[in-house]
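Below you'll find the structure, written out as structure tokens, and then a few comments.
The values are calculated or read from the model by the stated rules, or taken from the named source; none is laboratory data. Here the structure is a predicted model, which means the values were calculated and not measured. Cβ coordinates were reconstructed from backbone atoms using ideal geometry, including for glycine residues, and neighbour counts include every protein chain displayed. Accessible surface is based on the protein model in full, side chains and every heavy atom, while ligands, DNA and RNA are left aside. Shrake-Rupley method; radii C 1.70, N 1.55, O 1.52, S 1.80 Å.
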Amino acid sequence: MINLLEGARRRGLIAAGALTAALTLTACAGGPAPGSDPVDENVLIDQAACERNADVGTITYISGYGYSASAGQLDVFLAEELGYFDALCLDVEINASGANGQQLVSSGQAQFTALGSASDVMLAAANSRNLTAIATYGSVSPFSIFANEKIKSLKDLEGGTLGYFINLTPTASKMLDQAGVDVSKVELVKMTNYDPTVVPRGQVDAIVGYASNQPQTLKAMGEPFNEFLPDDLGVQGTYNVMEVNSEFLEKNREVVADFMRATLKALDFCLTDKDECIDMISELAAENNQGEAFPRDQQERTWGVESTWVRSNPDLPPGVQTEEQWQSEYELVQEYGGLTDLPALSEMMDTELVAGLYDDNGELIWPGE
């Protein structure tokens, strides 16, 4: 768990100034009730709400990919660092070891984790019904197929090799079909490391990867390659999803809402002050022995792309999700996921919780503002 006192010292005047400004507005909706006893000078909610949040004890969040500058991860770390969890009386413990978040959350050993897309959530739902998606951070697929420069179209992969991580993904399968690729003529290779240079070096002809990561590294290195995006082939998708233990959500809905309120507040900070945000997450990675895996230049490239994905659907404030937004991927998973019992969308997601955190103008409701 990130040390709260150390975090408080590090955030210094930034967080203190923000919280002090907020505390001057306690007469506004959502702030401590007039005449109520303050719980702590940095707490922005009334005593009853504070006790409700504190009574659940430690809330554990599992980061599936360390300190990556990705929505649903970066914002959780920054909510802790900026004091937003403290302001809502939430005791949050962050596990950044990259453990199996879905399994831990499903079993109740943790409460929150983030996945890469709605299709990942659907594939996980086949094995567990104790997970509920509460936030989707973008309406664009994060995947891409990046290839050796000799691959001019995906059809050129026939007779060649295509690498993948964990699974081929329904999105990639649809891309290959849309391009008319006979997959039986492509050798599929499960990758064991994330070094993207194996593609320009010809060890594999192409890899299904994350558009904000490996391809951006190759661009920074000046390596030649070709990239194929889902949008290029008319394949729609979603970017990053926050999940919560379903039983915890049912028992503690207001607490879950405040956890998301704090993380979305931090997400807004990262969208408006990218440099400071990347400085902070990169320092955290270094302090926790993950600096080599998440150097600042890589983090900046990643968030430079992924922040645009957060803004990819102007009709939805960050984190707000709809069944319509998921429908295309639902159909992809039905076609390519190899599942016989895919739950209905309404059973896998809660479309109201995060939507209720925003006002009619699409602004996040934050105590004292």
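Counting every Cα pair in the stretch 219-358, what percent are over 20 Å apart?
Details: 6032 of 9730 pairs.
For the stretch 219-358, the fraction of Cα-Cα distances above 20 Å is 62 percent.
Just checking the listed ones, T136, T238, T351: in the Gaussian network model of the chain with Cα springs under 10 Å, the one fluctuating most is T351.
Put the Cα centre of the stretch 330-355 next to the Cα centre of the stretch 151-194 and the gap is 24 Å.
Given 0.36 nm per residue, what is the gain on full extension from Q109 to R129 after removing their alpha carbon distance, in nm? Could you put the intermediate results ahead of the total?
Details: separation 20, 0.36 × 20 = 7.20 nm, distance 1.53 nm.
The Q109-R129 span can extend by a further 5.7 nm.
Here the stretch 143-270 exposes an accessible surface that is 46 percent carbon and sulfur, computed with a 1.4 Å probe and the other protein chains kept in place.
Among the lysines, which fall within straight-line cross-link reach of K190, defined as a Cα-Cα distance under 23 Å, with same-chain neighbours fewer than 8 residues apart omitted? Reachable lysines: K150, K152, K155, K174. Summing Lys and Arg as +1 and Asp and Glu as -1 over all other residues whose Cβ lies under 13 Å from the Cβ of G66 gives a net charge of -2.
Translational D (Stokes-Einstein, µm²/s) of the stretch 66-224 at 10 °C and 1.306 mPa s when Rh comes from the Kirkwood sum over C-alpha pairs? Intermediate values should be presented prior to the final figure.
Values: Rh = 17.8 Å.
The Stokes-Einstein estimate is 89 µm²/s.
What per residue convex hull volume, in Å³, comes out for the stretch 284-328 when only alpha-carbon positions are used? List each step's numbers first, then the result.
Numbers: hull volume 5.1 nm³, N = 45.
Cα convex hull per residue, to the nearest whole number: 113 Å³.
When the chain is fully extended, how far beyond the present Cα-Cα distance does E283 get from S312, taking 0.36 nm per residue of separation? Write out the running numbers ahead of the final one.
Values: separation 29, 0.36 × 29 = 10.44 nm, distance 2.81 nm.
7.6 nm is the gain from fully extending E283 to S312.
Distant-in-sequence amide contacts of M349, defined by a placed amide H-H separation under 5 Å and a gap of 5 or more residues or a different chain, comprise A133.
Dividing the convex hull volume of the Cα atoms of the stretch 140-279 by its residue count, what figure in Å³ per residue is obtained? Before the final figure, lay out each step's value.
Details: hull volume 21.2 nm³, N = 140.
Here the figure is 151 Å³ per residue.
On full extension, the segment bounded by E149 and E347 gains 67.0 nm, given 0.36 nm per residue less the C-alpha separation. Straight-distance candidates among the lysines for linking to K265, with alpha-carbon spacing under 27 Å and chain neighbours fewer than 8 residues away dropped: K251, K274. Computed over the chain, the quotient of the alpha carbon radius of gyration and 2.2 N^0.38 Å is 1.02. Candidate cross-link partners of K185 among the aspartates and glutamates, defined by an alpha-carbon separation under 19 Å and a same-chain spacing of 8 or more, comprise D156, E158, D177, D205.
Please work out the FRET efficiency for the pair T322 and E276, using the Cβ-Cβ distance as r and a Förster radius of 35 Å; give the result to the nearest 0.05.
Details: r = 32 Å, r/R0 = 0.90.
The computed FRET efficiency comes out at 0.65.
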